[in-house]
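Chemist: Below is a structure I'd like to ask you about.
Readers should treat all values here as calculations from the given coordinates under stated rules, not as data from a laboratory. Quantities reported herein were computed from a predicted structural model and do not represent experimental measurements. Every residue, glycine among them, receives a Cβ derived from its backbone with ideal geometry; neighbour counts consider all protein chains shown.
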Amino acid sequence: MPLHKRDAMNGKRILLIIGGGIAAYKACELVRLIRKQGAEVTCVLTDGGAHFVTAMTLAALSENPVHTTLWDLKNEVEMGHIQLSRQADLIVVCPATADLMARMAAGIADDLATTLLLATDKPVMAVPAMNVRMWQHAATMRNVATLRSSGVTVLDPDDGMMACGEYGPGRLPEPDAVLAAIASHLDSQRAKGPLTGKHILITAGPTHEPIDPVRYIANRSSGKQGFAIAAAAAQAGAKVTLVAGPVNLPTPPGVTRIDVETARQMSAAVDAALPADIAIMVAAVADWRSAGEANQKIKKDGSGHVPPLELVENPDILASLCKSARRPPLVIGFAAETNDVLAHAKAKLARKGADWIVANDVATHKMGGEINALHIVSATGIESLGEMSKDAAAVALVQRIADVLA
Ligand code: C5P
């Protein structure tokens, strides 16, 4: 299966350490390429690196503060170098000079870069660039072997003409090739599990349906259950697309998130994300929207006259997906009910054409809370999962999905 860089990199965090060599200029292009794949980059510039590129360039390209010294009190208070070394999914040293690799191999921590490299518990990749004789020197070869045996991924430099006029191995690989190595490294770290190779499309949260530029129709959905399912599915190895209504939640690791506001936008985002192997429609989509969205704020005129609010029906995303030619093989709907929960869920199963309806009683477990009790209603019967946290309910549901796929 070809590697899709964006799938492997989207939402990932790279700590990029830029050593002092002429190839440092290529690190600027690398920052741009990494960000194009949806990953975040934080740069650490060594003293040597700062002779070749500026912190300003890297800050502008990464849109993040650039760290340069161990002795910055403000940075230390706000972040701390230990935390900085642990926050990334991958640390990339590019260019890795002979000197930097020697200090890494010896465990020296005499500046910010080497201190981070010694303190980190995250994978490290080094991209060497140096003069051919320096690369081929026994000391460098020993250091590279030490780094490799201690788990650092050291890429091989390219062959070719060097900035110093000599020819041979030692050139920094082109930024595209470094990007491909980063993507493949992150892909190999991706959770492998029972849903590896499956694309799961999830909707979550409420929708907001505008009445005028300042008012909208909404509901109490927090998005927590849908986000927890997205996290559990990614953890089980799936490629996850999460179409999220307006919620205040962080994107779970490894999940591709598409933010929408209205039901019609959600419907379009679901269409655009197909094909999928499994769809889980958790969103509390507003059934109705205002018939005519005013383009100016509707004013109270003091006469006591109440403006009419005429509603029209929104598209039913789940029902249309079930009827569509691109229907995923397994479609799961949700039903938040306040009464006759199971009866409503059974009726909904038939009406929507879904394979399962996952019902929950929002009279007992209020929307927006932390606890849920899910009932999986399908043609073969009803399974009640019992009361548990939304995270645990998500893991249990994903396990049921993995069981039927197996
Ligand atoms: O009809 P009801 O809103 O109760 O159905 C709930 C299920 O249908 C949920 O899975 C929800 O995400 C989905 N739904 C939808 N589009 C709508 C209304 C509900 O996809 N317009």
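Chemist: Starting from the Cα of Ser150, step 7 Å along the direction of its Cβ; do the same at His51; then give the gap between the two resulting points in nm.
Modeler: Modelled inter-label distance: 2.5 nm.
Chemist: Using only Cα atoms and rounding to the nearest 10 degrees, what angle (0 to 90) does helix 138-149 make with the longest principal axis of the chain?
Modeler: For helix 138-149, the angle is close to 20 degrees.
Chemist: Right, here's the next one. Non-local amide H neighbours of Val92 (under 5 Å, H modeled in plane, Pro and chain starts lacking H): which ones?
Modeler: Leu15, Leu16, Ile17, Met125
Chemist: Okay, moving on. Defining a contact as two alpha carbons under 8 Å apart and six or more residues distant in sequence, what relative contact order in percent does the chain show?
Modeler: Dividing the mean separation by the residue count of the chain yields 12 percent.
Chemist: Modelled label-to-label distance, Ala119 and Asp287, 7 Å Cα→beta-carbon offset: nm?
Modeler: Result for the modelled spin labels: 5.6 nm.
Chemist: Long-range amide H contacts for Glu40: which residues qualify at under 5 Å (H placed 1.01 Å from N, peptide plane, sequence gap of 5 or more or a different chain)?
Modeler: It is Gly11, Lys12, Arg13, Ile14, by chain and number.
Chemist: A further question follows. What is the sum of charges around Asp176, taking Lys and Arg as +1, Asp and Glu as -1, for the other residues whose C-beta is under 12 Å from the C-beta of Asp176?
Modeler: Value of the local net charge: +1.
Chemist: Here's another thing I want to ask about it. May I ask for the angle, rounded to the nearest 10°, between helix 224-235 and the longest principal axis of the chain, with both axes built from Cα atoms and the value confined to 0 to 90°?
Modeler: Roughly 40 degrees, rounded to the nearest 10.
Chemist: Output wanted: per-residue J couplings in Hz (rounded whole) for region 99-106, from phi through Karplus 6.51 cos²θ - 1.76 cosθ + 1.60, θ = phi - 60°, x for Gly and Pro.
Modeler: Here the 3J(HN,Hα) series is 5, 5, 5, 5, 5, 4, 5, 8 Hz.
Chemist: If you take every residue apart from Ala228 with its C-beta less than 13 Å away from the C-beta of Ala228, what net charge results, scoring Lys and Arg +1 and Asp and Glu -1?
Modeler: 0
Chemist: Please compute, for the alpha-carbon atoms of the chain, the extent along each of the three principal axes and give them in descending order in Å.
Modeler: 79, 60, 39
Chemist: Taking θ = phi - 60°, what integer Hz values does the Karplus form 6.51 cos²θ - 1.76 cosθ + 1.60 yield along region 358-367, in sequence order, with x for Gly and Pro?
Modeler: Coupling constants for region 358-367: 9, 9, 9, 8, 7, 7, 7, 10, 4, 4 Hz.
Chemist: Could you give the length gained on full extension between Ala60 and Ala106, defined as 0.36 nm per residue of separation minus the Cα-Cα distance, in nm?
Modeler: 13.2 nm is the gain from fully extending Ala60 to Ala106.
Chemist: Which number do you get for Rg(Cα) / (2.2 N^0.38 Å) in region 1-157?
Modeler: Normalised Cα radius of gyration, region 1-157: 0.99.
Chemist: Shifting gears a bit: Sticking with the crude label model, points 7 Å out along Cα→Cβ, report the distance from Arg86 to Val214 in nm, one decimal please.
Modeler: Placing both labels 7 Å along Cα→Cβ, they lie 4.7 nm apart.
Chemist: At R0 = 22 Å, how high is the FRET efficiency between Ser324 and Ser384 if r is their beta carbon distance? Nearest 0.05 is fine.
Modeler: Between Ser324 and Ser384 the formula returns 0.15.
Chemist: Expressed as an acute angle from 0 to 90° and rounded to the nearest 10, what is the orientation of the C-alpha long axis of helix 390-405 relative to the principal long axis of the chain?
Modeler: 90 degrees
Chemist: Quote the FRET efficiency, to the nearest 0.05, computed for Arg133 versus Thr69 with a Förster distance R0 of 30 Å and r equal to the Cβ-Cβ distance.
Modeler: 0.45
Chemist: Going 7 Å from the Cα of Met141 toward and past its Cβ, which residues in region 92-127 have a backbone nitrogen under 17 Å from where you end up?
Modeler: 98, 102
Chemist: While we're here: I'd like the Karplus ³J(HN,Hα) series for region 117-131: coefficients 6.51, -1.76, 1.60, θ = phi - 60°, whole numbers in Hz, and an x wherever there's a Gly or Pro.
Modeler: Along region 117-131, the couplings run 5, 7, 8, 6, 10, 9, x, 10, 10, 10, 10, x, 8, 6, 4 Hz.
Chemist: Another question, if that's okay. Once every DSSP H run of n ≥ 4 in the chain is given -39500 (n - 2.57) and the sum is divided by its residues, what mean residue ellipticity at 222 nm do you get, rounded to the nearest 500 deg cm²/dmol?
Modeler: The per-residue figure over the chain is -10500 deg cm²/dmol.
Chemist: Of the listed peptides 292-301, 26-35, what is their order by residue-averaged count of other C-beta atoms within 10 Å, with the highest listed first?
Modeler: 26-35, 292-301
Chemist: Give the shape of region 259-388 as rounded, prolate or oblate, defined through the alpha-carbon gyration tensor: a ≥ b ≥ c are the square roots of its eigenvalues, a/c under 1.5 means rounded, and otherwise the shape is prolate if a/b is larger than b/c and oblate if not.
Modeler: oblate
Chemist: For the chain, modelled as a GNM with alpha-carbon contacts under 10 angstrom, which of Asn131, Asn248, Asn372 fluctuates the most?
Modeler: Asn248
Chemist: For Trp288, enumerate residues with amide H under 5 Å from its amide H, sequence gap 5+ or separate chain, H modeled in the peptide plane.
Modeler: Amide H to amide H, under 5 Å and 5 or more residues apart or across chains, Trp288 pairs with Asn314.
Chemist: Hey, which lysines would be in cross-link range of Lys192, C-alpha to C-alpha under 19 Å, not counting anything within fewer than 8 residues on its own chain?
Modeler: Reachable lysines: Lys5, Lys12, Lys122, Lys239.
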